[in-house]
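K.L.:
What follows is a single structure, and I will ask about it in a moment.
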Amino acid sequence: MSTYASLHCHIVFSTKNRKPMIAPNWEVRMHEYLGGTLAGLGAFPQGIGGVEDHVHLLVGFKPIHRIADLMRELKKESSKWVHQEFGVEAFAWQEGYGAFSVSATARKDVQKYIASQREHHRKQSFRNELIFMLERAGVEYDPQYLE
């Protein structure tokens, strides 16, 4: 039998110290770059969105992928790209990320959620959003690492 898999994660991570570093005039290009980088690493980007201080990704994975390796490369390459493309030397991603499994039946809802980030964050902070996601997924966390 061949190996078949449906492995999807909703991943969220922020800029260093949650500073609003992602400028609106290059936000779409960054999202495209993140998607292209993921594809280059063999993953399947299925939704990318965010606001000035964080991004959300819906990513399909192969069974051979390690999320930690993909995230390390994604953050490294995208930081380097921002430095080179826009001259924003202070740009950096915060350490860590949230990764939440997504069932095949929930993918469309997660895609809609990711696409509506700008509207969503008019009402809710990233910190509160992350706490909600962690609690909904039953993930224990230390509040000191949410800053």
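K.L.:
Filter the range 56-72 for residues that are within 27 Å of Ser125 (Cα to Cα) and assigned to a helix (DSSP H, G or I) and give the result.
P.N.:
Ile67, Ala68, Leu70, Met71, Arg72
K.L.:
Take the residues in the range 1-15 that are at pLDDT 95 or above and over 19 Å from Ala106 (Cα atoms), then tell me which one is surrounded by the most Cβ atoms within 10 Å (Cβ to Cβ).
P.N.:
Ser14
K.L.:
Follow-up question, since we're still on this one. Got a number for residues in the range 52-89 being surrounded by fewer than 18 Cβ atoms within 10 Å (Cβ to Cβ), under 17 Å from Asn17 (Cβ atoms) and either among the hydrophobic types (A, V, I, L, M, F, W, C) or in contact with a Pro (Cβ under 6 Å, 6 or more places away or on another chain) (or both)?
P.N.:
Residues flagged as surrounded by fewer than 18 Cβ atoms within 10 Å (Cβ to Cβ), under 17 Å from Asn17 (Cβ atoms) and either among the hydrophobic types (A, V, I, L, M, F, W, C) or in contact with a Pro (Cβ under 6 Å, 6 or more places away or on another chain) (or both) within the range 52-89 amount to 2.
K.L.:
Right, another one. Do we find that Gly42 is of a type outside the set (Lys, Arg), on the phi > 0 side of the Ramachandran plot and surrounded by fewer than 19 Cβ atoms within 10 Å (Cβ to Cβ) in this structure?
P.N.:
yes
K.L.:
Just one of (1) without any contact (Cβ under 8 Å) to a residue 24 or more places away in the chain; (2) β-branched (Val, Ile, Thr); (3) crowded, with 17+ Cβ neighbours inside 10 Å trips up Val110, so point out which.
P.N.:
Looking at each condition in turn, Val110 falls short on (1).
K.L.:
Shifting gears a bit: Which of the residues belonging to the range 74-128 are in a helix (DSSP H, G or I) and either farther than 28 Å from Glu140 by Cα or among the acidic types (Asp, Glu) (or both)?
P.N.:
Selection gives Glu77, Ser78, Ser79, Lys80, Trp81, Val82, His83, Gln84, Glu85, Phe86, Asp109, Glu119.
K.L.:
Something else: What number of residues within the range 28-55 are under 13 Å from the mean Cα position of the chain (by Cα) and either part of a helix (DSSP H, G or I) or free of Cβ contacts under 8 Å to residues at least 12 places away in the same chain (or both)?
P.N.:
The number of residues fulfilling the criteria is 8.
K.L.:
Tell me which of these Ser78 doesn't satisfy, since it passes every other one: (1) of a type in the set (Ser, Thr, Tyr); (2) more than 19 Å from Glu27 (Cβ to Cβ); (3) at pLDDT 95 or above.
P.N.:
(2)
K.L.:
To continue, here is another question. Quick test of your reading of the structure: Ala23 fulfils all but one of (1) over 21 Å from Ile131 (Cα atoms); (2) aliphatic (A, V, I, L, M); (3) part of a helix (DSSP H, G or I). Name the failing condition by number.
P.N.:
Unmet condition: (3).
K.L.:
Mind listing whichever residues of the range 16-27 are surrounded by fewer than 17 Cβ atoms within 10 Å (Cβ to Cβ) and either touching a residue at least 60 places away in the same chain (Cβ under 8 Å) or under 21 Å from Glu95 (Cβ atoms) (or both)?
P.N.:
Passing the criteria: Lys16, Asn17, Arg18, Lys19, Pro20, Ala23, Trp26.
K.L.:
Follow-up. It is to be established whether one or more residues within the range 121-130 are of a type in the set (A, V, I, L, M) and either over 29 Å from Ser6 (Cβ atoms) or at pLDDT 95 or above (or both).
P.N.:
No.
The values are calculated or read from the model by the stated rules, or taken from the named source; none is laboratory data. Note that the structure is a prediction, hence the values are computed from the model and not measured. Cβ atoms come from the backbone with ideal geometry, glycine included; neighbour counts cover every protein chain shown.
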